[in-house]
């Protein structure tokens, strides 16, 4: 089983619950339309990796997201994650009206920073991503169509959230293909205070 780090301790998530299409600007850039329900999909533990692989049979796209770590039935930790996507496969599946798992739940498709204690208010969380020094993604909970408390309430209506589970809350606009050799640098902030920073070199 694969792990993430929280308070310098290894945590083994049972599952990763992902919210899709949670920022209006991202929906627009993907040429999608808002759903009348929150879009949810899953990634198993085997998706967790500490490496950003840019090509797995096809070009991989990055989506940087605010991530919530569950313990004791509540959000205990926060971090940043990359939801890696086989975009060509995803489009083919979407066009056929099929589930997304082949494009989202492959090995190595979930790359995470370390996690730190969650602040009292999650609505002030913001993330930033630079690729090779160029700003690419920027967004926060206040811009989400479904903010963290709403996400958790909706998820709990149909699935238990267990200790160690990670909730990925959706990607702001600015997603794109990962290129080998590119340096990905992320920051998670609470208001103006940096909580987490992490970087990965695409392989």
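What follows draws every value from the coordinates through simple rules; no lab data is involved. No experiment lies behind these values; they were computed from the predicted model shown. With ideal geometry, Cβ positions are generated from the backbone for all residues, glycine too; neighbour counts draw on all protein chains shown.
Quick notes on this structure:
- Each label point was placed 7 Å from the Cα along the Cα-to-Cβ direction; for residue 154 and residue 134 their separation is 3.2 nm.
- Remark: relative contact order (the chain) = 30 percent; criterion is Cα-Cα distance under 8 angstrom and separation of 6 or more residues.
- Once you reduce segment 37-71 and segment 115-131 to the center of their Cα atoms, the two points are 17 Å from each other.
- Calculated P(r) of segment 29-117 - Cα pairs past 21 Å, %: 36 percent
- For segment 102-148, taking Cα atoms only, Rg and Dmax work out to 13.7, 36 Å respectively.
- Full extension of the chain segment joining residue 102 with residue 1 gains 34.3 nm, where the gain is 0.36 nm per residue of separation less the Cα-Cα distance.
- P(r) tail for segment 99-203: Cα pairs beyond 25 Å make up 26% of the total.
- Inter-label distance, nm, simple model (7 Å from Cα along the C-beta direction), residue 117/residue 42: 3.3 nm
- Extension gain from residue 201 to residue 162, taking 0.36 nm per residue of separation minus the Cα-Cα distance: 10.9 nm
- Inverse mean reciprocal Cα-Cα distance (Kirkwood Rh) of segment 1-79, Å: 14.9 Å
- Residue 9 versus residue 191: modelled label distance in nm, points set 7 Å from Cα along the beta carbon direction: 2.8 nm
- Hydrodynamic radius by Kirkwood, which averages 1/r over all alpha carbon pairs of the chain, in angstrom: 16.7 Å
- Ordering 186-192, 162-168, 75-81, 5-11 by mean Cβ neighbour count within 10 Å, with the highest value first, yields 75-81, 162-168, 186-192, 5-11.
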